[in-house]
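Worksheet: the structure to be examined is printed underneath.
The values are calculated or read from the model by the stated rules, or taken from the named source; none is laboratory data. As the structure is a prediction and not an experimental result, all values here were calculated from the model. Ideal geometry is used to build each Cβ from the backbone, glycine not excepted, and the neighbour counts take in all protein chains shown.
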Amino acid sequence: MRARLLRDVRTRYANPIGFRRGDVVQLGACDTEWPAFAWTTTNDGNAGWAPVEWLRPLGDGSAEALRDYSARELDADNGDDVELLDEYGGWCWARDAHGAEGWLPENALRMPPTPKGEKLSLAVKLAGIDEHWSPRVIAEMNDVQFKLVKLHGEFVWHAHDTTDETFLVVRGEMQVAYRDHEVTLREGEMVVIPRGVEHITRAADECHALIIEPRGVVNTGDADSDLTAANDVWV
């Protein structure tokens, strides 16, 4: 799969760590920004971030590497096209037009629409969404669109007069409130909101959800709001 850079990316570490499968390393704390990575020290004393799931703890502060790894990052410019070879924890292992390889943050990449018949990663698609309350299309089935959205705070009261609307929570927790009651959704739970029913969505902390609805539905429905997002925008 190919992607395009949304901004310049420059290497942050002059001497990135690396190890081979079977190597024993010292395992430290996980990163607060990228929790899928832990501070790791190799036998030569070099230290840096490494994927937690690629290391098997040995119980004494050390861990065994389950696969080869390099923390090398890739220098790239806004607008560059790269080939994506692997993905982990919000980062993609990529190859540029000159054959150089390294890690790039997913939030710096614009992913092309995934062809029908091919698998897609919700995590990869979500990494390409920066704004709250701005649904992004990830796939279509006939006239139905599948959209990912990041919610935080409170939306706006509205209704969709011509269609039902489905929310499925991918991560976090959200509320769908009606005029007479409220429904709380947690990871793996969903709700179908009937057409014409006024409702509002809320999330005290950031929540990621999949919306399933017909093509052309405006996120704010019948409401006039500053939160109205551009329609049919893909990620």
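Brief remarks follow.
- Residue tally, condition under 9 Å from Thr201 (Cα atoms) and surrounded by fewer than 19 Cβ atoms within 10 Å (Cβ to Cβ), over segment 150-175: 5
- Matching residues, segment 134-149, being surrounded by 21 or more Cβ atoms within 10 Å (Cβ to Cβ) and either part of a loop (DSSP other than H, G, I, E, B) or β-branched (Val, Ile, Thr) (or both): Pro135, Ile138, Val149
- Unique match (being closer than 26 Å to Ala36 by Cα, at pLDDT below 95, of a type in the set (D, E, K, R) and out of contact with any Gly (no Cβ under 9 Å at 6 or more places or on another chain)) among Lys125, Lys147: Lys125
- Filter result (outside any loop (DSSP other than H, G, I, E, B), in contact (Cβ under 8 Å) with a residue 12 or more places away in the chain and of a type in the set (Gly, Ala, Ser)) within segment 1-59: Ala3, Gly18, Gly28, Ala38, Ala47, Gly48, Ala50
- Some residue of segment 52-65 being under 29 Å from Asp130 (Cβ atoms) and crowded, with 18+ Cβ neighbours inside 10 Å: yes
- Restricting Val191, Val197 to residues that are among the β-branched types (Val, Ile, Thr) and touching a Leu at 6+ places or on another chain (Cβ under 9 Å) narrows the list to Val191.
- Criterion: within 25 Å of Thr32 (Cα to Cα), among the charged types (D, E, K, R) and surrounded by 15 or more Cβ atoms within 10 Å (Cβ to Cβ) - qualifying residue of Arg72, Arg110: Arg72
- Sole residue being within 19 Å of the chain's Cα centre (by Cα), surrounded by fewer than 19 Cβ atoms within 10 Å (Cβ to Cβ), modelled with pLDDT of 90 or more and not assigned by TED's automatic domain parsing to the domain that holds Leu27, chosen from Glu83, Glu101, Glu87: Glu83
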